[in-house]
Amino acid sequence: MANKIRVTAWNEFRHEKSNEYVKSIYPDGIHGLIKQFLETQDDIEVTLAALDDPDNGLPDEVLNNTDVLIWWGHMAHHEVPDALVEKIRHRVYTKGMGLIVLHSGHHSKVFRQVVGTNGNLSWGRDQKEVVWNLLPSHPIAAGIPDHFTL
């Protein structure tokens, strides 16, 4: 297929190296498992990137060829350079790159900068969250309404 969705799965890739239990579950990193799953779809190609890669895995060449960035962060949010965060924010805001932030990524610099929040969560049964789909025509958002409440 000529027009594949180009996904970059980014991961700190630290727990998988430092914690034997986590390594036993995700020997190729959680980003590797995400790639393995997504590549079962004929219309998706996946690039892997990690914090300790050169340019934190996201040099301009990779970012400029990414339709959707999947972000997994947990323990090293502070190590992501501000300049990289700004490049990602720019790609999302002005170039339409999709951004999917997973797990503890709500405290990542990327999430906080793109969404404009401190990332703190509130818990409890009475908490409601409105999720906005700002670009419903994006292929990764196919079938998702313009907003919904969790």
Legend entry - Difference of contour (0.36 nm per residue) and Cα-Cα distance, T40 to E86: 13.4 nm
Legend entry - Given K4/K109; K17/K128; K23/K128; K23/K95, the pairs whose alpha carbons are separated by over 32 Å: K17/K128; K23/K128; K23/K95
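Once you have the Kirkwood Rh of the range 82-147 from its Cα pairs, apply Stokes-Einstein at 25 °C and 0.890 mPa s and quote D in µm²/s. Spell out each step's value before the answer.
Values: Rh = 13.3 Å.
This corresponds to a translational diffusion coefficient of 184 µm²/s.
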Legend entry - Coordinate range along principal axes, alpha carbons of the chain, Å, largest first: 44, 38, 31
Legend entry - Simple spin-label estimate for R125 and S137 in nanometres, 7 Å along Cα-Cβ: 4.3 nm
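Read-outs throughout are calculated quantities, based only on the coordinates presented, and are distinct from any laboratory measurement. Given the structure is predicted, the values throughout are model-derived calculations rather than measurements. Counting neighbours? That spans all protein chains shown, and the Cβs are built from the backbone with ideal geometry, glycine included.
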